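A.B. asks: Shown below is the structure under consideration.
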Amino acid sequence: MLNNKFFLLSVALFAVSSSAWVVRILPDTSAITLAFWRMFLASAMVFAISYKNILSFVPNKKMLLAGFFLGAHFALFFRSVQLTSIAEAALLGTTAPIFTEIYGFVFKKRSPRPMVLLGLLFAFCGAATLVSQGSFSETGTLGNMLAVLCSIAMAFVLIVGKDIRKSFGVFEYTRWLFFFAACTVFTISLFVGVSVFSISLQEIPWFFFLALVPTMVGHNIFYYLIKTLNATTIAAVPLGEPIVSSLGALVFFGEPIGLAVFLGGGITLFGVFLVVRFGD
């Protein structure tokens, strides 16, 4: 059983790592548009394959909240990749375990273990290094900060989602999760004045790619396993995403991995590893 879970998590890792590359392939497409079509098409796909039990689960406030955070997560992540390097965005975008642990300390009154506190210290020092140096462009620092915010949003998706997944199947969960995420991003688009329907034929295949590979394959595996694994463990699996995404960015787009990113990222990942290894 554990081997099967490890295999599924490995597949999910490689699937989710591909999403940042699409941002580089479509440099003129807004982050809001990318996030909307990813969530909307993924929701439509899940509804299509689970239509027989469409009324088996009536969405509640927790589902709406989880969808809100997921929509915010993708909008923030795609915008982050547009402003900074893939390596930095991926590194900072995978610090969700830090925030799931902090949530446990503050709201669940869990006593922090010494090694977890050490991991938090390392992670924050490494993340601070990455956020402050913003090497990819003049707006790199802003992009790095958005990546941190997207991790906070994902932490809340996992925290809220675990309670829902205890009672419902993965398709019952994700069809509404993705739908509410799409609604969230669409609402954001109205406020910021971005038309998510102003798209070209060349963009459409990549929208379907985002919905199918990193979402239907990658994230659905995470949501499937969150029923039996704790939120911090699931949040920790994408720690390999910066490696896969960065290597792909280097090979496909010629994005170098600078020394500051290498050192700061290494410190961050080590800190998150300690949190996952010794956390609850």
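The values are calculated or read from the model by the stated rules, or taken from the named source; none is laboratory data. Please read these numbers as outputs of a predicted model, since none were measured by experiment. Methodologically, a virtual Cβ is constructed for each residue, glycine included, from the backbone with ideal geometry; neighbour enumeration extends over all protein chains shown.
A.B. asks: Being over 16 Å from the mean Cα position of the chain (by Cα), of a type in the set (Gly, Ala, Ser) and not in a helix (DSSP H, G or I) is the filter here, so list the residues in the stretch 18-70 that pass it.
C.D. replies: Passing the criteria: SER30, SER50, SER56.
A.B. asks: Which of the residues that make up the stretch 88-113 are assigned to a helix (DSSP H, G or I), out of contact with any Asp or Glu (no Cβ under 7 Å at 6 or more places or on another chain) and touching a residue at least 40 places away in the same chain (Cβ under 8 Å)?
C.D. replies: GLU88, ALA89, LEU91, LEU92, ALA96, PRO97, ILE98, PHE99, THR100, GLU101, TYR103
A.B. asks: For residues that are within 22 Å of GLY254 (Cα to Cα) and surrounded by fewer than 24 Cβ atoms within 10 Å (Cβ to Cβ), tally how many sit in the stretch 80-105.
C.D. replies: Within the stretch 80-105, residues that are within 22 Å of GLY254 (Cα to Cα) and surrounded by fewer than 24 Cβ atoms within 10 Å (Cβ to Cβ) number 2.
A.B. asks: Return the total of residues in the stretch 251-273 being surrounded by fewer than 21 Cβ atoms within 10 Å (Cβ to Cβ), assigned to a helix (DSSP H, G or I) and modelled with pLDDT under 80.
C.D. replies: Of the residues in the stretch 251-273, 4 are surrounded by fewer than 21 Cβ atoms within 10 Å (Cβ to Cβ), assigned to a helix (DSSP H, G or I) and modelled with pLDDT under 80.
A.B. asks: Taking the stretch 146-202 as the region of interest, how many residues are at positive phi and either hydrophobic (A, V, I, L, M, F, W, C) or assigned to a helix (DSSP H, G or I) (or both)?
C.D. replies: Residues flagged as at positive phi and either hydrophobic (A, V, I, L, M, F, W, C) or assigned to a helix (DSSP H, G or I) (or both) within the stretch 146-202 amount to 0.
A.B. asks: Taking the options TYR173, TYR224, name whichever one is among the aromatic types (Phe, Trp, Tyr), out of contact with any Lys or Arg (no Cβ under 8 Å at 6 or more places or on another chain) and modelled with pLDDT under 90. Before you say what the answer is, go through the steps one by one.
C.D. replies: Details: TYR173 fails: out of contact with any Lys or Arg (no Cβ under 8 Å at 6 or more places or on another chain).
Testing whether each residue is among the aromatic types (Phe, Trp, Tyr), out of contact with any Lys or Arg (no Cβ under 8 Å at 6 or more places or on another chain) and modelled with pLDDT under 90 leaves just TYR224.
A.B. asks: What number of residues within the stretch 160-176 satisfy the criterion of being touching a residue at least 12 places away in the same chain (Cβ under 8 Å) and over 15 Å from LEU225 (Cβ atoms)?
C.D. replies: Residues meeting the conditions: 5.
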